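Each value in this text was obtained by applying a stated rule to the coordinates, not by laboratory testing. Since this is a predicted model, take the numbers as computed values, not measurements.
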Amino acid sequence: MPTSDVEGPITEAALDPERFRAALGSFATGVSVMTTVLDGVPHGMTASAVSSVSLDPPLVLVCVDREASMATQALDAGVFALSFLGEDQGELATAFADPARPEGDEQFVGVTTGVQATGAPVLHGSVGWVDCRLWSVTDGGDHVVLIGEVVALGADRDRPLLYYRGAFGQFRAAELPEPDATPDTGGAS
């Protein structure tokens, strides 16, 4: 019988939040800053629970702790943007993840942003971004799952910031393809 370094299955009774977090921390994710604007006041937070949902219509999701002020603000505003951070933007990820960070405009001091379709701030220097109108909201336990319809987007550069097992990392490849490059099929069609 083959052996493995992996522990045996965990029963529901033995499942605790730290083990759950450790298991899911084994899945590398990108890092984004989620922003919204409510009554002219911007707000941002770091988010790594982000995924594409649909191409037609173009939908993305982001999970937000229901205790975070972002949950209420994004719901009330009906819009949000996600800026996907580059490998050199770990300090921004840390700053927007800090629970003691200031609120409103003070969060964005020293951060260059622009606005697109919805008015939610988009961080300059990110590898890409999506600007969304709130499409739907789903209960996700201690989080809310916000699904947004993408109304504007961009991909600006390579080398994303990654999050793995509680730390930031970088993607390394011999050569990254251009964002709009058509793959070489070796002459096959």
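For Val127, list long-range residues whose amide hydrogen, built 1.01 Å from N in the peptide plane, is under 5 Å from its own amide hydrogen.
Here Phe84, Leu85, Gly86 satisfy the definition.
Over all alpha-carbon pairs of region 29-170, lay out the pair-distance distribution in 10 Å bins, whole %, shortest bin first.
Each 10 Å bin holds this share of Cα pairs: 13, 47, 36, 4.
Residue separation times 0.36 nm, minus the C-alpha to C-alpha distance between Arg159 and Phe20: what's the value?
Here the segment from Arg159 to Phe20 would lengthen by 47.2 nm.
Express the relative contact order of region 29-170 as a whole percentage, based on alpha carbon pairs under 8 Å and six or more residues apart in sequence.
Normalised by residue count, the contact order of region 29-170 is 30 percent.
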